[in-house]
Amino acid sequence: MEKIKAKQKLISVFTIALIIYARCDLGIALGKGYVIANLLANMLGAVFCLCLFINDKQTTKKAILNPAIVWVLAFSIMVFIYGHFKIGVVYPDMYSRQYHLLTVIPAVIIMVILFHNKDDILDIIAWAGNIIIVATLITSLAFDHVWREWLDGMASRVGATPAGTCVDTGNLLMVLMIPALYQVVINKQFKKHLFFVILAIFQIVASGSKSSFMPIVLVFAIFLIASAEDKKTIRRNIIILVILGVVGVAAIMLIPPLYDIIGDRIVEMFSAFGATEYDLHTSTGQRMAAMAEVKKHFGEHPIFGHGFYAFKEMPYSLLEEFRPNEGTVIDYRHMHTHSNFLELLFSFGIFGFVLYYWFPVYLVIKSFFTQNKMAKLIVLSLMVSFIFMDMGIDMFYKYMTPYYTYLVSYCLLKSKEDTKGSHPSI
């Protein structure tokens, strides 16, 4: 036990990294081997939590008796009731208790570990994120065959892993990069973290994910402006932001590979806004059409919704173009709303929407009043990022990423670092 206590910080980094890698890179959807890998990672985390409990029972109690756990339990129970008992219209075989538990429990285990490391929480999540940033690239190179198209000179979106698409990878890396970016911009730890930040940004751009690419600029702006200690520095940093923004936009629009991967998608997104006829050839057009249908039919069951992932079962959700057997004929199939906001409202109504989002709103409000600069900036950056992510994909059931983000944010706000955010480093 004394050896574990002496190496608690290092064990925490690798245990958290292992849990995240198992759930967010390997996933649990491709077969028994992947499920076993997740179970082993969670078992290791649970054993470590037991050791921490034996050493400090009071901290463990605080980690499992708080508003964050109330949120997780309340929302999870609602999802279980809708999915398991098939309340309303339910997308067949969508709900799985095993899938649900292996999505929520890992995030809770991570929160318990972080509660026992409050003085080192930033360092731990930054280094765990760095490990996953590298591991994700290696996993994707081995799994995603589209990377080979780059060797043929084709500009293709890449980054898929066994756990999800290139969009899922981009979202994950955006969340994991923020603590390291804080270390670089605010704490000036360039040698330790800059490489991992650059590697994460490269993968996000390569993924072509709008929902993870667009927050980069805003998060960088938050950190850069917050790092200024006087008006002169603020003006200088704003000028730097403008220059970087102009250079970045020029690169995306003028360099053909970048334009093909991400620039064209951004142009498509802005051109779709305000249109009354939605272009179903594009992902933005499909999402806008789904939004229009949700607005049209939400009022049918506004309080408790239509049912778990009910939108995909509706006749008006035939909005996604595809080519059967990869032929030339275009057909349409049912699709999800591809938005966390819309999927929650349509599936669970206002009740479910409030039950989910009260906690992120609570975190935002709490971050404005905290005197902990580190917690304030990181939590606000994570919440800003999730506005874009939740607009682009339904996160509440399929991914551990939101549970990890919100529970880590709660840990940051409960941490006892000083207002400057200084702490020991690995």
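Overall, the accessible surface of region 214-366 at a probe of 1.4 angstrom is composed of carbon and sulfur to the extent of 68 percent. Here region 51-154 exposes an accessible surface that is 66 percent carbon and sulfur, computed with a 1.4 Å probe and the other protein chains kept in place.
When the alpha carbon gyration tensor of region 101-199 is reduced to an equivalent ellipsoid, the three semi-axes, largest first, read 28, 19, 9 Å.
Taking the Cβ of GLU293 as the centre, find all other residues whose Cβ is under 13 Å away and add up their charges (Lys, Arg: +1; Asp, Glu: -1). Can you show the working numbers first?
Values: positive: ARG287, LYS295, LYS296, LYS312; negative: GLU300, GLU313, GLU320, GLU343.
Once positives and negatives cancel, what remains is 0.
Starting from the Kirkwood radius over alpha-carbon pairs of region 209-296, derive D by Stokes-Einstein at 10 °C in a medium of 1.306 mPa s and give it in µm² s⁻¹. Answer, rounded: 104 µm²/s. Under DSSP H, which helices of the chain have Cα atoms covering 30 Å or more of the helix axis and a Kyte-Doolittle average no less than -0.5? Correct list, ordered by number: 32-55, 121-143, 231-254, 340-369.
Sorted largest first by accessible area at a 1.4 angstrom probe radius, with every protein chain in place, the residues ILE222, ILE109 fall in the order ILE222, ILE109. A 1.4 Å probe run over the chain, with the rest of the protein chains in place, finds 46 Å² accessible per residue.
In debye, nearest 20, what is the charge dipole magnitude of region 176-269 about its Cα centre with +1 on Lys and Arg Cβ and -1 on Asp and Glu Cβ, if you could check? Can you show the working numbers first?
Numbers: 9 positive and 5 negative charges, 92 e Å.
Roughly 440 debye, rounded to the nearest 20.
Annotation: region 311-393 has a Kirkwood hydrodynamic radius of 15.4 angstrom, from the mean reciprocal C-alpha pair distance.
Grab the DSSP H runs of the chain that are 4 residues or longer, score each as -39,500 (n - 2.57), total them, divide by all residues and round the 222 nm result to the nearest 500 deg cm²/dmol. Write down the numbers at each step before the final one.
Details: 17 runs with 283 residues, N = 426.
Only helices count here, giving -22000 deg cm²/dmol.
With 21 Å as the limit, write out which pairs from LYS5/LYS61; LYS86/LYS312; LYS57/LYS366 have Cα-Cα distances beyond it, or answer none. Cα-Cα > 21 Å for LYS57/LYS366; rest within.
When the convex hull of its Cα atoms is viewed from all sides, the chain shows a mean projected area of 21.9 nm². I'd like the distance separating the alpha-carbon centroids of region 77-121 and region 162-213, in whole Å. When both Cα centres are located, 25 Å separates them. The alpha-carbon atoms of region 1-104, seen along their principal axes, cover 53, 32, 15 angstrom, with the largest extent given first.
For every other residue with a beta carbon closer than 13 angstrom to the beta carbon of ALA68, add +1 if it is Lys or Arg and -1 if Asp or Glu, then tell me the sum. Mind showing how you got there, number by number?
Details: positive: LYS62, LYS366, LYS414; negative: none.
Computed value for this residue: +3.
The values are calculated or read from the model by the stated rules, or taken from the named source; none is laboratory data. Being a predicted model, the structure only gives us computed values, none of them experimental. Every residue, glycine as well, gets a Cβ built from its backbone with ideal geometry; the counts of neighbours run over all protein chains shown. SASA here: full protein model, heavy atoms, side chains in, ligands and nucleic acids out. Shrake-Rupley method; radii C 1.70, N 1.55, O 1.52, S 1.80 Å.
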